[in-house]
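Notes follow once the structure below has been shown.
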Amino acid sequence: MTSTHSIPDLLSPEFSDDPYAAYSLLREHEPLLWHAPTSSYVLSRYADVRRVFQDREGAFSTDNYGWQLEPVHGRTILQLDGRDHATRRALVAPAFRGRELRERFLPVIERNSRALVDAFRDEGRVDLVSQYATRFPINVIVDMLGLDQTHHDRFHDWYTAIIAFLGNLTQDPGVTEDGLRTRDEFAEYLLPIIAERRRRPGDDLLSRLCHAEVDGTRMTDEEVKAFCSLLLAAGGETTDKALSGLFAHLVTHPGQLAAVREDRSLVPRAFVESLRLSPPVQMIMRQASRDVEIGGGTVPAGATVTCLIGAANRDPDRFADPDRFDLSRPELSEATSFSAAAEHLAFALGRHFCVGALLAEAEVRVAVNDLLDAMPDVRLAEGATLVEEGLFTRGLRELPLEFSPVPGRVD
């Protein structure tokens with residue numbers, strides 16, 4: 001990392017141990033930094049990252065996904081722009097918002113959450129990461145798609161390999177090999193199911209994707225497969241880490257936990273603040289379409305730009321006391337926080353704003369309510385040390401909790 005200041009390199013163990021300290025140094029001293037090992041320009045200030053995501057000037061593209069995503073997913077909606085992007089987004093978006101989400105998929109979310117909670121509610125102890133968070137969003141997505149939940153471990157292995165491929169900034173050949181093998185295994189698994197749903201559609205999301213039509217356009221089998229691959233990886237990994245991160249913030253801030261327990265309408269606000277403070281996706285890349293003046297320097301046409309969401313979301317020029325968890329934070333508005341007009345940057349912004357943001361909000365809202373009902377006196381397990389890990393995506397290794405068991409199902 002080219003710098004005159006003692007900023008840990010992005011790929012160093014020191015950076016991995018505490019990226020937020022490094023982010024502070026980057027914002028202050030190197031807001032635009034050329035990082036040779038990843039061949040990218042690194043942006044860390046809120047205003048610059050927001051500008052790239054919104055891209056009102058047409059200065060940045062998602063062409064980088066051609067090498068970053070396409071090898072494992074196939075060509076996805078994230079790589080498209082203009083009419084092609086608008087049409088494909090219109091094909092998939094209805095399932096993740098409004099009436100479709102409330103009436104068709106909220107019951108799926110509730111069913112899956114309560115099944116997982118019932119498995120540990122009488123034990124008085126749980127590792128929320130391994131026993132709930134890593135399983136819940138994948139189970140929901142698999143259920144929504146109408147796939148076989150007994151294949152959960154296979155899906156989990158696939159999305160783990162895909163996420164590792166996306167964050168393989170060191171170009172580890174083993175990680176690359178695992179990702180490419182996952183692409184082939186997932187295609188071999190899903191393409192025959194897609195063909196069957198074309199012939200005999202059911203009442204599930206995969207069937208809807210196979211038969212959705214906008215202005216005479218339908219998705220091809222490859223496009224459906226690529227979207228499902230993206231959904232499993234992005235929807236699984238991010239919600240998993242977001243959920244455990246939120247609960248960790250609550251149990252380590254007892255006053256705010258008590259407030260949320262008393263007033264459940266605060267759950268979305270607590271979720272948003274947790275996303276700001278510790279976003280599951282720490283960085284997103286874009287590609288400069290032309291020479292761009294930004295961050296006090298110039299990014300040349302064709303160069304990759306690494307936008308540090310974890311740094312931008314803690315920029316003191318945008319958020320007061322940014323390292324503090326505060327669910328009453330005035331800079332965040334619940335009305336916009338799950339939309340493309342959000343103040344935080346955890347879901348990106350603009351035309352490539354995360355299509356699953358409202359699904360994630362619904363999952364976390366259900367999860368927190370079920371967990372608080374099942375664990376009325378939940379606390380961090382005695383002697384537990386919380387350790388975050390990951391560079392591209394980041395989350396807790398484990399979250400051991402203790403509580404007094406409450407008999408009976410969550411209603």
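The values are calculated or read from the model by the stated rules, or taken from the named source; none is laboratory data. Small disclaimer: the values here were computed from a predicted structure and weren't measured. In this analysis, Cβ positions are derived from the backbone assuming ideal geometry, glycine residues included, and neighbour counts consider all displayed protein chains. For the accessible areas, the whole protein counts, side chains as well, though only heavy atoms, and no ligand, DNA or RNA atoms are used. Shrake-Rupley method; radii C 1.70, N 1.55, O 1.52, S 1.80 Å.
The residue of the range 103-133 that is farthest from residue 360 (Cα to Cα), among those that are in a loop (DSSP other than H, G, I, E, B) and open to solvent by less than 30 Å² (accessible area, probe 1.4 Å), is 124.
For the condition more than 19 Å from residue 396 (Cα to Cα), in contact with a strand residue (DSSP E or B) (Cβ under 8 Å, 6 or more places away or on another chain) and surrounded by 14 or more Cβ atoms within 10 Å (Cβ to Cβ), what is the one hit in 292, 281?
Values: 281 fails: more than 19 Å from residue 396 (Cα to Cα).
After applying the criteria, what remains is 292.
The conditions of being in a loop (DSSP other than H, G, I, E, B), buried (at least 23 other Cβ atoms within 10 Å of the Cβ) and aliphatic (A, V, I, L, M) are met by residue 345.
Only one of the numbered conditions (1) of a type outside the set (Val, Ile, Thr); (2) open to solvent by 40 Å² or more (accessible area, probe 1.4 Å); (3) more than 30 Å from residue 399 (Cβ to Cβ); (4) out of contact with any Leu (no Cβ under 7 Å at 6 or more places or on another chain) is violated by residue 210, and that is (2).
Residue count for the range 8-17 satisfying the condition of being closer than 13 Å to residue 390 by Cβ and part of a loop (DSSP other than H, G, I, E, B): 2.
If only residues of the range 213-228 that are touching a Leu at 6+ places or on another chain (Cβ under 8 Å) and open to solvent by less than 20 Å² (accessible area, probe 1.4 Å) are counted, the one that is farthest from residue 371 (Cα to Cα) is 219. Of all residues in the range 128-152, those that are under 16 Å from residue 234 (Cα atoms) have Cβ atoms under 9 Å from Cβ atoms of residues that are among the aromatic types (Phe, Trp, Tyr) and buried (at least 24 other Cβ atoms within 10 Å of the Cβ), 6 or more apart or on another chain, in 133/247; 138/159. Do you know which residues across the range 356-393 are surrounded by fewer than 21 Cβ atoms within 10 Å (Cβ to Cβ) and among the charged types (D, E, K, R)? Passing the criteria: 365, 373, 377, 379, 382, 388, 389. Among the residues of this structure, residue 211 counts as one that is touching a Pro at 6+ places or on another chain (Cβ under 6 Å) and of a type outside the set (A, V, I, L, M, F, W, C).
Quick one: which residue in 33, 26 is modelled with pLDDT of 95 or more, part of a helix (DSSP H, G or I) and open to solvent by less than 50 Å² (accessible area, probe 1.4 Å)? Give the derivation first.
Values: 33 fails: part of a helix (DSSP H, G or I).
Just a single option satisfies the conditions, and that option is 26.
Please verify whether residue 377 is in contact (Cβ under 8 Å) with a residue 12 or more places away in the chain, part of a helix (DSSP H, G or I) and either in contact with a Lys or Arg (Cβ under 7 Å, 6 or more places away or on another chain) or of a type outside the set (S, T, N, Q) (or both), treating the condition exactly as stated. Explain how you work it out, then say what you get.
Working: in contact (Cβ under 8 Å) with a residue 12 or more places away in the chain: yes; part of a helix (DSSP H, G or I): no; either in contact with a Lys or Arg (Cβ under 7 Å, 6 or more places away or on another chain) or of a type outside the set (S, T, N, Q) (or both): yes.
No: the conditions fail for residue 377.
The residue pairs whose first member lies in the range 386-400 and is in contact (Cβ under 8 Å) with a residue 24 or more places away in the chain and closer than 18 Å to residue 132 by Cβ, whose second member is among the aromatic types (Phe, Trp, Tyr) and buried (at least 21 other Cβ atoms within 10 Å of the Cβ), and whose beta carbons are closer than 7 Å, counting only pairs six or more residues apart or on different chains, are 399/247. Given the condition open to solvent by 10 Å² or more (accessible area, probe 1.4 Å), of a type in the set (S, T, N, Q), in contact with a strand residue (DSSP E or B) (Cβ under 8 Å, 6 or more places away or on another chain) and closer than 30 Å to residue 320 by Cα, answer yes or no: does some residue in the range 260-274 qualify? There is no residue in the range 260-274 that is open to solvent by 10 Å² or more (accessible area, probe 1.4 Å), of a type in the set (S, T, N, Q), in contact with a strand residue (DSSP E or B) (Cβ under 8 Å, 6 or more places away or on another chain) and closer than 30 Å to residue 320 by Cα.
Whether a residue is exposed (fewer than 14 other Cβ atoms within 10 Å of the Cβ), assigned to a loop (DSSP other than H, G, I, E, B) and either in contact with a Pro (Cβ under 6 Å, 6 or more places away or on another chain) or modelled with pLDDT of 80 or more (or both) was assessed, and residue 56 passes this test.
State yes or no: is residue 240 closer than 22 Å to residue 364 by Cβ and either open to solvent by 40 Å² or more (accessible area, probe 1.4 Å) or in contact (Cβ under 8 Å) with a residue 40 or more places away in the chain (or both)?
On the way: closer than 22 Å to residue 364 by Cβ: yes; either open to solvent by 40 Å² or more (accessible area, probe 1.4 Å) or in contact (Cβ under 8 Å) with a residue 40 or more places away in the chain (or both): yes.
Yes; evaluated as a whole, the condition is true for this residue.
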